[in-house]
Amino acid sequence: MSDETARPTQKVTIDNLSLRAGGDEVAVATGPNVVMHTWFHLFRTAMIHAIDNQALQRPISAMAEMTQTLVNREGRVSFQAKDKSLFVNGEKLRLSSDEYELASEIFEFFEERGIGGFSIEGALDAKAVRSLLSALVYTNERQFEKLESAIKSASLPFRLNKPMGAGKKSKAEIQLERRSYTFFTYSKLIVLYRTLVSSKTLPGAQRGFLMKKIARTVQALVDVCLEDDHTFLTVSAVKSGEAYAAHHAANVAILSIALGEKLGLSKVELADLGMGAVFHDVGLQNCPADVMMKPGPLDSGERQQIEQHPMRSVEYLLNQKSFNKSGLSQIVVAFEHHRNFDGTGYPTVRRKPDLFSRIVTIADAYDALTTQRPWRNALMPDETLGRMTHEAGRRFDPELMKVFVNTLGLYPIGTLVRLDTGEMGLVIYGGGEGERLGRPIIALIGNDGKMGGTADLAERTPAGTYRWSITMTEDPKKFGIQPSGVIAASAGVGD
């Protein structure tokens with residue numbers, strides 16, 4: 001009896017499918033997300049290499065294997081984009097931070113060709129996959145009807161779908177879509193930054209490409225901030241102690257842009273400020289991991305290594321082919337962000353820190369203090385603002401600090417509060433002037449630690465009294481609550 005007949009038959013469906021989609025450098029994709037991974041690595045490789053290049057062999061084989069397996073078991077494979085979400089056979093994909101970058105390139109590929117997605121009605125072998133690439137990728141054609149005609153002429157069991165109409169959306173749907181897009185763009189920035197700094201031997205052309213993509217992503221975040229600064233600030237409460245560097249870079253950019261917007265900076269200035277914030281700590285990549293993650297106090301030698309990172313950041317940013325105003329702003333911020341308002345700090349220089357540097361100093365400290373680190377626990381957001389306000393005039397610009405408090409509110413996003421009704425809630429919308437400063441919108445938290453409905457603490461009863469009031473703040477760790485997960489859920493995205 002052969003091995004093939006001896007092996008028991010295992011039912012394979014979209015939910016349990018697992019393929020290495022696209023090559024050794026790619027993590028194993030599982031479940032319905034394998035369709036996204038397989039398609040992404042196929043078209044991305046085809047856009048880089050000629051159709052007879054050896055590099056295409058793995059992506060083509062993965063595509064053939066995926067279609068043969070799924071069409072045999074499911075009958076068909078449908079892959080559709082709608083409202084910046086992806087669906088496989090009608091099931092919405094839950095994307096990790098790393099997968100957001102893949103998804104964004106898929107959206108771009110589809111939009112350039114007027115495509116909403118595709119359906120595969122039959123298995124594709126390697127020859128059929130190559131025919132598909134010839135009709136869809138190895139062509140200058142971008143009109144949907146002509147692409148559709150080319151695929152039909154090749155007699156492939158592959159049908160292009162037009163974009164799905166959005167239809168009229170409610171105010172709540174528009175708000176949810178805006179929040180999802182903000183998380184999507186924020187996650188894209190994290191992935192791009194992590195990709196850029198993960199390799200010390202990145203070719204110049206690839207580094208320049210990633211820098212441009214980061215700049216475009218920062219510009220997209222500025223647009224979000226100008227449209228809805230409160231929704232924009234929500235993502236700054238997403239924390240990661242394990243992937244600290246990339247999350248910190250993105251969070252400091254978010255907080256800096258939000259503060260700059262309140263100061264009346266122009267759109268171009270906000271983009272320059274955001275880029276300076278993203279790269280303020282880039283020199284820390286050269287600091288040994290055992291120093292960065294040391295749970296105890298640093299000795300004098302280790303402290304000296306840490307204090308060299310502003311100069312290391314400047315050296316990194318100087319390693320560019322050309323400079324413009326934005327690039328010079330990044331260098332100034334990287335050099336000055338540990339200079340204090342009263343002239344202390346490091347490196348030691350006489351000049352007063354630039355406005356962008358003083359903004360980033362505040363954003364840097366707030367995000368660092370509210371994030372769990374190996375040597376200390378994260379402080380609660382309101383506690384952090386209290387400590388920082390006490391340092392205004394010495395470490396922080398006092399006028400900027402006042403604006404920063406108004407920007408975040410007395411109970412910043414991510415603060416767990418106890419109400420006079422005994423209920424608990426997590427702040428998901430705060431800041432502003434007047435009563436909103438101390439009366440945010442919260443997501444109510446049930447006894448199981450999961451989000452219930454929302455409550456606007458500025459809401460009043462018919463008698464004119466406030467329906468809810470905050471009595472105290474609580475430590476989320478005490479109740480096993482992860483603020484990042486609650487905030488992500490409130491935006492309709494995965495944790």
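Using a 1.4 angstrom probe on heavy atoms only, work out the carbon and sulfur share of the accessible area of the stretch 425-495 in %.
Summing carbon and sulfur atoms, their accessible area is 50 percent of the total for the stretch 425-495.
Projected onto the charge dipole of the chain (+1 at Lys/Arg Cβ, -1 at Asp/Glu Cβ, origin at the Cα centre), which of 356, 95, 51 gives the Cα projection farthest towards the positive end?
51
Give, rounded to the nearest 20 debye, the magnitude of the charge dipole that the chain has about its Cα centre when Lys and Arg contribute +1 at Cβ and Asp and Glu contribute -1 at Cβ. Please list the in-between numbers first.
Values: 58 positive and 58 negative charges, 106 e Å.
Dipole size: approximately 520 debye.
Arranged from highest to lowest average of other beta-carbon atoms within 10 Å per residue, in what order do the peptides 459-471, 221-233, 392-404, 42-54 appear?
Sorting 459-471, 221-233, 392-404, 42-54 by mean packing, highest first, produces 221-233, 392-404, 42-54, 459-471.
Using amide H atoms built 1.01 Å from N in the peptide plane, name the residues 5+ places from residue 161, or on other chains, whose amide H lies under 5 Å from its own.
HN-HN under 5 Å from residue 161: 116, 117, 118, 119.
Before I look further, what does the chain give for accessible area per residue, probe 1.4 Å, in whole square angstrom?
Roughly 47 Å² per residue, with all protein chains present.
Percent relative contact order of the chain, based on C-alpha pairs within less than 8 angstrom and at least six residues apart? Display every interim value, and only then the final one.
Values: 777 pairs, mean separation 46.5, N = 495.
Reported relative contact order: 9 percent.
Can you pull the percent of the stretch 219-314's accessible area that's carbon plus sulfur, 1.4 Å probe, other chains left in place?
52
According to the square roots a ≥ b ≥ c of the eigenvalues of the Cα gyration tensor, what is the shape class of the stretch 318-374, taking rounded for a/c under 1.5, prolate for a/b larger than b/c otherwise, and oblate for the remainder?
Verdict is oblate for the stretch 318-374.
Gap in Å between the Cα centre of the stretch 303-349 and the Cα centre of the stretch 197-219?
Their Cα centres are 19 Å away from one another.
Per the 1.4 Å probe, what fraction of the accessible area of the stretch 370-410, in percent, lies on carbon and sulfur atoms?
54
Contact order normalised by length for the stretch 226-282, with contacts defined as Cα pairs under 8 Å and 6 or more residues apart; what percent is it?
Over the stretch 226-282, the number comes to 35 percent.
I'd like to compare 67-73, 105-111, 378-384: which one has the highest average count of other Cβ atoms within 10 Å, and what's the full order after that?
378-384, 67-73, 105-111
Quick one: which residues, 5+ away or cross-chain, put their amide H under 5 Å from the amide H of residue 445? H built at 1.01 Å from N.
The answer is 424, 425, 426, 452.
Taking the Cα atoms of the chain, report the difference between the largest and smallest coordinate on each principal axis, in whole Å and largest first.
Result for the chain: principal-axis Cα extents of 76, 62, 50 Å.
Highest first, please rank the peptides 438-446, 150-158 by the mean number of other Cβ atoms sitting within 10 Å of their residues.
Listed from highest to lowest mean packing, they are 438-446, 150-158.
Using the Cβ atoms and a cut-off under 13 Å, what net charge is assigned to the surroundings of residue 414, where Lys and Arg are +1 and Asp and Glu are -1?
-3
Among the lysines, which fall within straight-line cross-link reach of residue 267, defined as a Cα-Cα distance under 23 Å, with same-chain neighbours fewer than 8 residues apart omitted?
188, 212, 213, 325, 402
The values are calculated or read from the model by the stated rules, or taken from the named source; none is laboratory data. The structure presented is a predicted model; accordingly, all values stated were derived computationally and were not measured. Using ideal geometry, Cβ is built from the backbone for each residue, glycine included, and neighbour counts are taken over all protein chains shown. Accessible surface is based on the protein model in full, side chains and every heavy atom, while ligands, DNA and RNA are left aside. Shrake-Rupley method; radii C 1.70, N 1.55, O 1.52, S 1.80 Å.
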